[in-house]
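Please read the structure below before turning to the comments.
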Amino acid sequence: MSDELAFIESLRNPKTQDQAFSVLVEQNKERLYWHIRKIVLDHYDSDDVLQNTFLKIYKNIGKFKGDSRLFTWMYRIATNESLTFLKQKSRKLGIQSNEYIHDKAQNLRSDPYFDGDEIALELQKAIASLPDKQRLVFQMKYQESMKYKDISAILGTSIGALKTSYHHAVKKIKEKLTTDQTF
Amino acid sequence: MSTTQNNRSSEAFRVPDGYFETINTRVLGMTTAAHKNPFSTPKGYFATIEAGNWTKKIKKQPSVVRLNILRYSAVAAVFFAVILLTNSPASSQLDTIEDSEILALVEANWIMPMNLNWQKILIQAIGR
């Protein structure tokens, strides 16, 4: 923890911030990218959101109070940026954000950066049919294997509520996959 | 079949190798392949992500305060320009002329208003 505090201090110090920020980007670019990618699905959209996320981290590191871990704070920014991005994109098209992500999932087969088989494709479609909160919880718990404690800090939701959301998400996905008779 | 023995018991209860790793995916009725990340990125994508790209971008961006000052200054400049134009002596003189006077001025100067700058000619004529 003291290492983290020292690192945060170096991010705030104008003399050391550029070097510290390089380290932060290097250490977190892949996991933040994959977290964003699971939410927005498209590679180029994820790249845009990742840029916005790092810009926000750089600009707001001075406002980081240290009452949560740096990792959870960055994940919270990445999650919010991803959801905002989806809302903006869908607003431009005059549809709801869950409709937008549903369409994206339907078109994954033609995405050059989607290598999944039929099972993976159906799973993505089923995940895309979930409401935002359940979708996020399912992705973080099931796909990113995160702990409820960390998800709770990122989403600002109690662990009990997260477990309920996850339970509902799993149930809906199971139903969807069974109804579609993919397996 | 390869198996794993229960360490806590001497009894021969065994599970297939890697059984516990597959539970999460099996609960959803899917194969382990479904748990694998199906997404990929262009080759060498992560190597292109460098902090320098963002720090340069941030430093180039003008601050929000500076942008707002510029925006308000532009609005104020347009506002004052409109006031100056509408209150110029030439335009106030123009407001006071009667239609018949305008016609008389046009006739007196033998000007075809269709071909020339109408307002300018009138102002010049009045000013004379």
Tell me the angle of helix A:2-12 to the major Cα principal axis of chain A, expressed in degrees between 0 and 90 and rounded to the nearest ten.
80 degrees
Mind checking the dipole of chain A: about its Cα centre, +1 per Lys or Arg Cβ, -1 per Asp or Glu Cβ, Debye to the nearest 20?
760 debye
Give, in nm to one decimal, the length gained when the segment between residue A:44 and residue A:167 is fully stretched (0.36 nm per residue of separation minus the Cα-Cα distance).
41.1 nm
Using each residue's phi in segment A:143-160, evaluate 6.51 cos²θ - 1.76 cosθ + 1.60 at θ = phi - 60° and report the 3J(HN,Hα) Karplus result to the nearest Hz, with x for Gly and Pro.
8, 9, 6, 8, 7, 4, 4, 6, 4, 4, 5, 6, 8, x, 10, 5, 4, x
So what is the 222 nm mean residue ellipticity for chain A from helices alone, if each DSSP H run of at least 4 adds -39500 (n - 2.57) and you divide by all residues, rounding to the nearest 500 deg cm²/dmol?
-24000 deg cm²/dmol
Rel. contact order, % - alpha carbon contacts under 8 angstrom, at least six apart, segment A:1-115:
25 percent
Scalar couplings 3J(HN,Hα) for segment A:18-23 by Karplus 6.51 cos²θ - 1.76 cosθ + 1.60 (θ = phi - 60°), nearest whole Hz, x for Gly and Pro, are 5, 5, 5, 5, 4, 5
Partner chain coverage, peptide B:39-45 - average Cβ within 10 angstrom:
6
Just list whichever of A:92/A:171; A:176/B:43; A:15/A:149; A:125/B:43; A:92/B:36 have alpha carbons separated by over 30 Å in the model shown.
A:92/A:171; A:176/B:43; A:15/A:149; A:92/B:36
Per-residue average of other protein chain Cβ atoms inside 10 Å, peptide A:115-122 -> 5
Enumerate the amide H contacts of residue B:39 below 5 Å, restricted to partners 5 or more residues apart or on another chain; note that Pro and chain-start residues carry no placed amide H.
A:115
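Quick one: if the Förster radius is 25 Å, what FRET efficiency do residue B:47 and residue A:107 give, using the C-beta to C-beta distance and rounding to 0.05?
0.35
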Using the Karplus curve 6.51 cos²θ - 1.76 cosθ + 1.60 with θ = phi - 60°, work out ³J(HN,Hα) for each residue of segment A:88-100 in order, rounded to whole Hz, and write x for Gly and Pro.
5, 4, 5, 4, 4, 8, x, 10, 7, 5, 6, 5, 4
Which is the longest run of chain A containing none of the trypsin sites (Lys or Arg not before Pro) found in DSSP loop states (not H, G, I, E, B) with at most 16 other C-beta atoms within 10 Å?
A:70-146
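Each value in this text was obtained by applying a stated rule to the coordinates, not by laboratory testing. The structure displayed is predicted, hence computed values, not measured ones. We place every Cβ from the backbone using ideal geometry, glycine too, and count neighbours over all the protein chains shown.
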